Amino acid sequence: MAGHVSIRDVSRRFGAFTALDAVSLDIPAGELVALLGPSGSGKTTLLRIIAGLDFPDTGQVLINGEDNVARHPRERGVGFVFQHYALFRHMTVAGNVAFGLQVRPRGLRPSKAEIKARVAALLDLVQLGWLADRYPSELSGGQRQRVALARALAIEPRLLLLDEPFGALDTKVRKELGQWLRNLHHDQAITSLLVTHDQEEALELADRIVLMSQGRVEQIGTPAELYTKPASPFVLEFLGEANRIAGVVGEGGLVRVAGTGDAVAQSIDPGHALAAAGQAVTLYVRPHDLLLEARADGAAVVRSVKVAGAFAKIEVVLADQVLTALTPLHRLPSLHLQEGSRARLVVAQGMSFPTQGAGGSLQFAAPRSFAMA
Amino acid sequence: MSLADSRPAPASSLWGRLRGQRSILPGLGLSLGITLFVLSLIVFLPTAAMVGDAATLGVGGLVHLLATPRVLGAFKVSLGCAALAALTSAIFGLLIAWVLVRTRFPGRRLADAMVDLPFALPTSVAGIALSTLYAPNGWLGSLVAPYGIRISFTVIGVYIALTFVGLPFVVRSVQPVLQDMEAEQEEAAHMLGAGRLQIFSRVIFPAILPSLTAGFAMAFARGLGEYGSVIFISSNRPGVSEIVPLLIVNQLEQFDFAGAAAIGTLMLILSLALLCGIMLLQRLVRSGRHG
């Protein structure tokens, strides 16, 4: 049975530093949830508290409604995977995986034959059966982490906690192992909580993302929700790059770039308080949502054009602001843009956030007059 | 040990050099030459001279001398006390290293420095201090004297003196390994449901075992050779509390140089065999880990 985790008002301080500030959070049974945030945001502290490796100053952690702190780790049913594997070096791979079963008290311990069978099954699951008699020092990083996973799964946890499990691996192995973890999670009746500072990893793997910053939860939602409806500039900028364009709202919700007359976007929530004419706004625009059109009278000047894989990265200067646009490589020739050429700039979609807490965020799109190519 | 993942330092091989392989490490010939020269001068030459002296007795003479009750008794005392003292040092040295690494208490640095005291103290001073302390009218000796136990001037005194000089070897070999141990391995064991005792016996102890045996071997070797402190705390009665080094000195005082050399040679062979045995054991433990 997968575990439902409920975190109630958990705070944790280390001296003057507040690692967790009254965090409340529910993790539904069976989901793969990513705890995402920059370093120092408290995500690892929260994970360690859920694991029972650290203790909250105030607040509670409930797993399936039961307070976690008072129980012996054996009864909690929590598996933990460390960033640096933490394998037992003096034991073989099989010995590592068997550990959790061997340390059970006599009455609960499976027989030697059962342990052996379970270990073999787990090693098959992580596709490392052929390495059973090796020692951790003879394995690669990805193999070690898979052993660590098998070891954590051996105790049949209701909840699997992973602390930056792929942080020490190179990109290719990280991606493979990530997908593999995602499949594994789906095949097991288990709730998984993954700490990461890699937004791409979180967006790809998680059912739900908990974005943390400075000991608080910034936003909780599915990857799509967080990406398309970020609750704050922090969330928006953490999940991928974004340009900030200083603009002024004009007639009909049309946004003009401050210092030029160029209309780049139009509010698609007309009538909103923020869209009042004459109001200054900061538009947040993802590089791939920034469209460029070569025009002799354009306000933007191209500073550089760089090819990076499937995309071309074009930097433009507009009223003293440096902005980045991404365009698919195949479309670059038709744009007729080189260093020094002038361009008109249009926002396919963008957002702005209220400055003084009044009202919600605003969505913007290209002005109606702009003909999409 | 704690860095099992780290690669060994690049080594310059003599055989590789002879086969014409190039190495980026300079000075192999020079450093190897100096090492062998110094080793010969300080270790091999005196040892060879001693073995040569002993050889003048002939096989019959050697067996006759070494089979005397006094010599056998001295070896029994030396080996027995040194082994027991090294074992005691291993147990309490591990405990001291543990406390020094894992706990924070006022005066910890001072306690840490005091561990080295037996290294620095002239052993005769230690012997005099210990024998006074454990004499029937001394602070500690008077506590056990009413029960008819005598420590100073008996074989128990020898054991205590050898423990005193052996202890720092164990502490100093175990301490760095304990220090470098990742807390994560213990946390992993905890998460898998292991109790404190299981964590110690199954995770921590196997990790420090090689350094502990190394410390034991050094303490044992030191105990076999210890002279200064023992002659003060022991009654030095032949066959009862006389140690081998003292017996050798006695032989020398009677101008029996060949006899002294013969006992010395036997001592040398025995210690060498014991140390080799311990090293083999250690290698066995380690090779299990690295395949």
>> Order B:69-75, B:108-114 from most to least packed using the mean count of other Cβ atoms within 10 Å.
In response: B:69-75, B:108-114
>> Given axes a ≥ b ≥ c from the Cα gyration tensor, I'd like to know whether the stretch B:58-290 is rounded (a/c under 1.5), prolate (a/b larger than b/c) or oblate.
In response: oblate
>> Counting only protein heavy atoms, probe 1.4 Å: which residues of the stretch A:54-102 lose 40 Å² or more of accessible surface in the full assembly compared with their chain by itself?
In response: A:Pro73, A:Phe82, A:Ala86, A:Phe88, A:Arg89, A:His90, A:Phe99
> Is the stretch A:211-304 best put as rounded, prolate or oblate by its Cα gyration tensor, with a ≥ b ≥ c the root eigenvalues, rounded for a/c under 1.5, and otherwise prolate when a/b is larger than b/c, oblate when not?
Replying inline: oblate
>> I want to check the label-to-label distance for A:Glu251 and A:Asp170. Put each point 7 Å from Cα in the C-beta direction and report it in nm to one decimal.
In response: 6.1 nm
>> Taking the Cα centre as origin and putting +1 on Lys and Arg beta-carbons and -1 on Asp and Glu beta-carbons, what dipole magnitude results for the protein assembly as shown, to the nearest 20 debye?
In response: 1420 debye
> Using alpha carbon centroids, what distance separates the stretch A:207-239 and the stretch B:243-270, in Å?
Replying inline: 81 Å
> Considering only A:Val103, B:Ala189, A:Gly221, whose Cα is most displaced toward the positive end of the charge dipole of the protein assembly as shown, charges sitting on Cβ of Lys, Arg (+1) and Asp, Glu (-1)?
Replying inline: A:Val103
> From the residues B:Val170, A:Gly178, A:His330, which one has its Cα farthest along the dipole of the protein assembly as shown in the positive direction, the dipole being from +1 and -1 charges on Cβ of Lys/Arg and Asp/Glu about the Cα centre?
Replying inline: B:Val170
> Roughly speaking, what is the stretch gain from A:Asn183 to A:Arg342, that is 0.36 nm per residue apart minus the C-alpha to C-alpha distance, in nm to one decimal?
Replying inline: 52.4 nm
>> Residues of the stretch B:174-194 that become at least 20 Å² less accessible with every protein chain present than in their own chain isolated, using 1.4 Å: which are they?
In response: B:Glu182, B:Glu184, B:Gln185, B:Glu187, B:Ala188, B:His190, B:Met191, B:Leu192, B:Gly193, B:Ala194
> With r defined as the distance between the Cβ atoms of B:Leu25 and A:Asp207 and R0 fixed at 45 Å, what FRET efficiency is calculated, to the nearest 0.05?
Replying inline: 0.25
> Modelled label-to-label distance, B:Ile149 and B:Phe200, 7 Å Cα→beta-carbon offset: nm?
Replying inline: 2.3 nm
> What FRET efficiency would be calculated for the residue pair B:Val285, A:Gln214, taking the C-beta separation as r and a Förster radius of 51 Å, to the nearest 0.05?
Replying inline: 0.60
> Once label points are set 7 Å from the Cα along Cα→Cβ at both A:Thr222 and B:Phe119, what is their separation, rounded to one decimal in nm?
Replying inline: 6.5 nm
>> With a 1.4 Å probe and all protein chains kept in place, how do A:Trp130, A:Trp180, B:Trp139, B:Trp98 rank by accessible area, largest first?
In response: B:Trp139, A:Trp130, B:Trp98, A:Trp180
> Can you give the helix-only mean residue ellipticity at 222 nm for chain B, where every DSSP H stretch with n ≥ 4 adds -39500 (n - 2.57) and the sum goes over all residues, rounded to the nearest 500 deg cm²/dmol?
Replying inline: -22500 deg cm²/dmol
> What percent does the relative contact order of chain B come to when contacts are Cα pairs within less than 8 Å and at least six residues apart?
Replying inline: 29 percent
>> Suppose every Lys and Arg Cβ carries +1 and every Asp and Glu Cβ carries -1, with no other charges. What dipole size does the stretch A:5-237 come out with about its Cα centre, to the nearest 20 debye?
In response: 980 debye
> Extension gain B:Asp256-B:Ala67, at 0.36 nm per residue separation less the Cα-Cα distance, in nm?
Replying inline: 66.4 nm
>> Just to verify a number: FRET efficiency for A:Ala16 and B:Leu45, C-beta to C-beta distance, R0 = 45 Å, to 0.05?
In response: 0.10
> So between A:Ala117 and A:His330, what do we pick up on full extension, going 0.36 nm a residue minus the alpha carbon distance?
Replying inline: 71.2 nm
>> I'd like to know which of B:Leu84, A:Val61, B:Met267 lies farthest towards the positive end of the charge dipole of the protein assembly as shown, counting +1 on Cβ of Lys and Arg and -1 on Cβ of Asp and Glu.
In response: B:Met267
> How large is the helix-only mean residue ellipticity at 222 nm for chain A, computed as the sum of -39500 (n - 2.57) over DSSP H runs with n ≥ 4, divided by its residue count, in deg cm²/dmol to the nearest 500?
Replying inline: -7000 deg cm²/dmol
> Hey, how many Å between the Cα centroid of the stretch A:275-344 and the Cα centroid of the stretch B:167-216?
Replying inline: 60 Å
>> With the cut-off at 1.5 for a/c, could you classify the stretch A:202-244 from its C-alpha gyration tensor as rounded, prolate or oblate?
In response: oblate
>> Quick check on the protein assembly as shown: of the DSSP beta bridges with both residues there, what percent are antiparallel, nearest 5%?
In response: 75 percent
> With chain B treated as a Gaussian network of Cα nodes joined by springs under 10 Å, which of B:Gly264, B:Gly277, B:Gly228 yields the largest mean-square fluctuation?
Replying inline: B:Gly277
> What are the principal axis extents of the Cα atoms in chain A, in Å, biggest first?
Replying inline: 82, 45, 35
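The values are calculated or read from the model by the stated rules, or taken from the named source; none is laboratory data. What you see is a predicted model; the values in this text were computed from it and never measured. Using ideal geometry, Cβ is built from the backbone for each residue, glycine included, and neighbour counts are taken over all protein chains shown. The accessibility values were calculated without ligands, DNA or RNA, using every heavy atom of the protein model including side chains. Shrake-Rupley method; radii C 1.70, N 1.55, O 1.52, S 1.80 Å.
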